[in-house]
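Every number in this text was worked out from the coordinates using simple rules, so none of it is lab data. All of these numbers come straight from a predicted model, not from anything done at the bench. Neighbour counts are summed over all protein chains in view; Cβ atoms, including those assigned to glycine, are modelled from backbone coordinates with ideal geometry.
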Amino acid sequence: MKFKISLSSANLKAIYFCAILILMVSVNSCNNNKSNITEISGKIENASGRTVYLEELSPGKTQTVATATIKDDGTFKIRLDSISDSFHRMKIDDNNVIYLRIIDGDKIEISAKYPGIVRNYEIQGSEDCKLLKEMNLRLIKSSDILNELKNKVNESALIPDYNTDSLWEVTNETARELYKSDKEFLTDFIKKNNKSAVIYMALYQYIGPSPILMIENEPEIFDFVLTELKKYHPELEQTALLESDISKNKLKETQKNRDYVSLSPGVDAPDFVLPDVNSKKTSLSAFKGNNVIICFWSSWSKKSVESVSELINYEKIPRLKIILVSLDTQPENWESAIKSNKLENMINLCDFKTWEGSVVKIYGIKTLPSFVLLDSEGKIELLTDDFDKLNAGLQEIK
């Protein structure tokens, strides 16, 4: 028995539509699976047998998410089904690291020579990774210049009776110029590449041991980066972290302003204890009975160094003590500036916490240099960042 099946035009259209829908779902499923595969591959010369680590740089922790062994011909490959929306770095050892910004589906190729891969690597497949390379190479040049100068100072120090003061002066001046130049570079880099998540990394770059951009000093650029990240990368882990850091800093600034307002001429100067150049704890109250100048300065602030040098003219005023509170972060830079600017006879104190130091917060210091003039009873006579005003106040106590 034979059956004849007759399909209407409407039925044929329905079947055709279902077939197309199934085909689209199947194709999209394949494409989605393909896009989630992330590959990092390439060739690293002189490193056969070594392990390549791919580390995820999440807020507050660093964890290895994949590894690969470099083959005899230098090639390696890392494949991941998915990758978090964060930053990463590829690492062979602590001196051979490449920072990466990877997105699901990226096919990144790296070629380099070991060791020193951070200086010679080439990268393809990610514009963000190229930006990271551009930024890092620019800052490496500055570090190389500083290290070369420091090596010259160290070599000269081995020569008997060699006066290294002039070399330290050149080194400090060069460091200040590099700091200024690198700050301008990073600010321009951020504004030029505002749609890239890499601008977050630009906020936290260093020249030597010192941060180039600081949330306390450049809040506007930190606010700008947050605005752009929230617009273009709201799911990036570091976006939420930056928002939290900015909120905390604004609370600190509010507290600083409140503390600063509470300090005025006629009130007792808050006491404090800080270590001197010999790590001996020194308190402000120990100088009661003398007029006191407290000067906040740093070796990396040219203007404050100039002002501190002018204070030498007041060292011979009877019953006047000059306390220099430094915002430096490195002992060698601080001690060098003291020596090269002939500040040894003053009272030099530093806790190496820069703007996070407790004394800086207590006195509400916002700029360098800043001056506090105290009378012999420990009461504040003057708070200013203007050296001329300090000079005028000193004339009255001579």
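Can you spot the aspartates and glutamates whose alpha carbon is less than 16 Å from residue 366's alpha carbon? Ignore those fewer than 8 places along the same chain.
Output for residue 366: 216, 218, 220, 253, 259, 328, 356, 385, 386.
Suppose we look only past 20 Å in the calculated P(r) of the stretch 323-385. What percent of the Cα-Cα pairs does that tail hold?
Counting every Cα pair in the stretch 323-385, those more than 20 Å apart make up 32 percent.
Considering only 175, 337, 157, give the residue with the highest GNM mean-square fluctuation for the chain, with springs between Cα atoms whenever their separation is below 10 Å.
With Cα springs under 10 Å in the chain, the top fluctuation among 175, 337, 157 is at 157.
Rg/Rh for the stretch 38-125 to two decimals, with Rh computed the Kirkwood way over all alpha-carbon pairs.
Using Cα coordinates only, the ratio equals 0.93.
Hey, could you get me the Stokes-Einstein D for the chain, Kirkwood radius over alpha-carbon pairs, 4 °C and 1.567 mPa s, rounded to whole µm² s⁻¹?
D, rounded to a whole number, is 51 µm²/s.
Restricting things to alpha carbons, tell me how big the stretch 196-274 is in terms of Rg and Dmax, in Å.
My reading of the Cα-based Rg and Dmax gives 16.7, 52 Å.
Using the Karplus curve 6.51 cos²θ - 1.76 cosθ + 1.60 with θ = phi - 60°, work out ³J(HN,Hα) for each residue of the stretch 324-330 in order, rounded to whole Hz, and write x for Gly and Pro.
So the J values, rounded to whole Hz, are 9, 9, 8, 9, 5, 10, 10.
What does the convex hull of the alpha-carbon atoms of the stretch 134-270 project to on average, in nm²?
That works out to 12.2 nm², a quarter of the Cα hull's surface.
Given a Förster radius of 56 Å and the C-beta distance between residue 124 and residue 319 as r, what FRET efficiency does 1/(1 + (r/R0)^6) yield to the nearest 0.05?
The formula returns an efficiency of 0.20 here.
Report the chymotrypsin sites (Phe, Trp or Tyr not before Pro) located in the stretch 186-234 that are in a DSSP loop and have at most 14 other Cβ atoms inside 10 Å of their Cβ, or state none.
Passing sites in the stretch 186-234 are 204.
Please grab the % of Cα pairs in the stretch 114-210 that end up more than 18 Å from each other.
Considering the stretch 114-210, 56 percent of its Cα-Cα pairs are separated by more than 18 Å.
Roughly how big is the stretch 38-125's charge dipole about its Cα centre, with Cβ charges of +1 (Lys, Arg) and -1 (Asp, Glu), in debye to the nearest 20?
Roughly 180 debye, rounded to the nearest 20.
What list of ³J(HN,Hα) couplings, whole Hz, do you get for the stretch 341-356 from phi and the Karplus terms 6.51, -1.76, 1.60, once you set θ to phi - 60° and write x for glycine and proline?
Using θ = phi - 60°, the values come out as 9, 6, 9, 4, 7, 8, 8, 9, 10, 6, 10, 6, 10, 6, 6, 8 Hz.
Rg over Rh of the stretch 273-397, using C-alpha atoms and the Kirkwood radius, what does it come to?
0.92
Check each of the GluC sites (Glu not before Pro) in the stretch 305-398 and keep only those in coil by DSSP with at most 16 other C-beta atoms within 10 angstrom; list them in order.
Answer by residue number: 315, 344, 377.
How high is the relative contact order of the stretch 335-398, given as a whole-number percent (alpha carbon pairs under 8 Å, six or more residues apart)?
18
Using Cα pairs closer than 8 Å and at least 6 residues apart in sequence, work out the relative contact order for the chain, in percent.
It comes to 11 percent, rounded to a whole number.
Just tell me which aspartates and glutamates come within less than 15 Å, Cα to Cα, of residue 107; anything on the same chain fewer than 8 places away is out.
Straight-line reach from residue 107, under 15 Å: 39, 81, 122, 127, 128.
Amide H of residue 58 versus every other amide H placed in the peptide plane: which residues, excluding those fewer than 5 positions away on the same chain, fall under 5 Å?
The list, which skips near neighbours in sequence, is 63.
So which trypsin sites (Lys or Arg not before Pro) in the stretch 228-306 are both in a DSSP loop and have at most 10 other Cβ atoms within 10 Å of their Cβ?
280
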